[in-house]
Amino acid sequence: MIMKSRFGNKFIGVFDSGFGGLNILRGIIKELPEYNYIYLGDTARAPYGSRSEEIIYEFTKQAVDFLFEKNCEIIIIACNTASCDALKKLQREYLPKKYPPKKILGVLIPASEEAVKKTKNQKIGIIATESTVSSGAFSRELLKLKPKVEIFQKACPLLVSLVESGEYNSKASKWIIENYLEYFKNKKIDTLILGCTHYGILENIIRKAIGKNVKIISEARIVPKKIKNYLERHKEIELKLGKNKIRKFYSTDLTDKFKILGGKFFGKPIKVERAKLG
Ligand code: DGL
């Protein structure tokens with residue numbers, strides 16, 4: 001007699017432009033270890049942070065197609081730039097037409113909800129890529145949640161390259177971060193959103209530069225809790241998910257850097273396969 005499995009066989013997909021999102025996946029697995037995960041990093045075309053909204057949407061759509069074709073039931077877009085520039089359109093237009101029962105979530109709402117919960121003086125800072133800042137998506141989300149909040153955004157375009165080149169602990173990183181954070185000196189913010197996958201890796205340096213009185217909102221800590229809560233509320237999705245602790249890693253360019261740094265950000269060595277998008 002064939003025993004019917006108590007669980008489904010679907011994956012949770014996690015997408016980022018590069019491998020910064022592995023830090024978020026690490027947090028998600030810590031919170032929800034039993035599920036099966038597929039990670040995709042579009043390393044061949046990263047960084048996304050200085051690209052146009054149109055191109056970011058196109059690339060993200062291809063990533064979503066890849067992950068759904070690999071049997072994902074739900075995708076977390078860990079990339080802030082893609083969450084700002086592509087997520088809403090994918091959720092409203094693409095998903096209902098092409099994958100009606102499936103879900104795509106981003107990182108913007110979890111980070112914004114936490115920031116408005118934490119701020120006491122209603123002054124919130126955001127550091128992110130140029131594209132995230134110019135999209136205004138974080139501001140819209142924060143103002144929707146708390147119309148009185150004052151928002152100060154600073155694009156930090158060099159930080160992704162620092163992390164991707166393994167320079168995340170160097171004197172140069174410290175100097176560059178201090179310079180970027182100078183912008184917040186007279187703004188009296190009490191909460192700072194790290195609005196980019198890669199900035200969690202720089203949290204210690206950012207913490208020293210911004211001072212201990214500012215609360216740091218790190219997506220690697222917040223997003224996993226929100227996903228857990230989401231799956232508890234959405235049993236129709238949760239029941240479809242496989243629970244065999246399978247982890248698969250794909251990137252659009254296979255380099256040693258992805259394996260070495262990727263392993264560091266994920267916390268243990270990873271075996272990466274090549275993904276072809278589009
Ligand atoms: N993953 C991007 C983000 O969170 C940073 C890297 C990039 O610019 O592609 O915004």
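The values are calculated or read from the model by the stated rules, or taken from the named source; none is laboratory data. Model, not experiment: these values are computed from the prediction. Positions of Cβ are generated from backbone atoms using ideal geometry, with glycine treated the same way; all protein chains shown enter the neighbour counts. What goes into the accessible areas is simple: the full protein's heavy atoms, side chains included, and nothing from ligands, DNA or RNA. Shrake-Rupley method; radii C 1.70, N 1.55, O 1.52, S 1.80 Å.
Annotations
- Any chance ALA63 is under 27 Å from LYS243 (Cβ atoms) and either surrounded by fewer than 16 Cβ atoms within 10 Å (Cβ to Cβ) or aliphatic (A, V, I, L, M) (or both): yes
- Residues satisfying the criterion are present in region 77-92 (criterion: more than 16 Å from the ligand (Cβ to nearest atom), among the polar types (S, T, N, Q), open to solvent by 60 Å² or more (accessible area, probe 1.4 Å) and not in a loop (DSSP other than H, G, I, E, B)).
- Any hit, region 122-140, residues being of a type in the set (Val, Ile, Thr), touching a Pro at 6+ places or on another chain (Cβ under 7 Å) and within 16 Å of the ligand (Cβ to nearest atom): yes
- Sole residue being surrounded by 15 or more Cβ atoms within 10 Å (Cβ to Cβ) and farther than 22 Å from LYS187 by Cα, chosen from PRO157, PRO101, PRO96, PRO110: PRO110
Table: residues versus (1) within 16 Å of the ligand (Cβ to nearest atom); (2) among the acidic types (Asp, Glu); (3) in contact (Cβ under 8 Å) with a residue 60 or more places away in the chain.
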| position | (1), (2), (3) |
| --- | --- |
| TYR168 | yes, no, no |
| GLU232 | no, yes, no |
| THR252 | yes, no, yes |
| GLY262 | yes, no, yes |
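- Within region 188-205, the set of residues being in contact (Cβ under 8 Å) with a residue 60 or more places away in the chain and closer than 21 Å to SER170 by Cα comprises LEU194, CYS196, THR197, HIS198, TYR199, GLY200, ILE201.
- Inclusion of LYS228 among residues that are assigned to a helix (DSSP H, G or I), open to solvent by 20 Å² or more (accessible area, probe 1.4 Å) and touching a residue at least 40 places away in the same chain (Cβ under 8 Å) is warranted.
- Looking across region 160-180, the residues that are of a type in the set (A, V, I, L, M, F, W, C) and open to solvent by 10 Å² or more (accessible area, probe 1.4 Å) come down to VAL160, LEU162, ALA172, TRP175, ILE176.
- Conditions (1) in contact with a helix residue (DSSP H, G or I) (Cβ under 7 Å, 6 or more places away or on another chain); (2) under 24 Å from LEU162 (Cα atoms); (3) within 14 Å of the ligand (Cβ to nearest atom); (4) assigned to a helix (DSSP H, G or I); number of the one not met by ILE55: (1)
- Filter result for LEU142 (at pLDDT below 95, in a helix (DSSP H, G or I), in contact with a helix residue (DSSP H, G or I) (Cβ under 9 Å, 6 or more places away or on another chain) and closer than 22 Å to HIS198 by Cβ): no
- Out of LYS215, LYS264, sole residue that is of a type in the set (D, E, K, R), open to solvent by 40 Å² or more (accessible area, probe 1.4 Å) and within 23 Å of GLY106 (Cβ to Cβ): LYS215
- Of everything in region 49-79 that is touching a residue at least 40 places away in the same chain (Cβ under 8 Å) and among the basic types (Lys, Arg), the residue that is farthest from ARG274 (Cα to Cα) is ARG51.
- Verdict on ALA209 being touching a Lys or Arg at 6+ places or on another chain (Cβ under 9 Å), open to solvent by 30 Å² or more (accessible area, probe 1.4 Å) and either closer than 30 Å to ASN36 by Cβ or in a helix (DSSP H, G or I) (or both): yes
- Here GLU73 fulfils each of the conditions (1) out of contact with any Ser or Thr (no Cβ under 7 Å at 6 or more places or on another chain); (2) part of a helix (DSSP H, G or I) apart from (2).
- Any chance LYS117 is part of a helix (DSSP H, G or I) and within 16 Å of the ligand (Cβ to nearest atom): no
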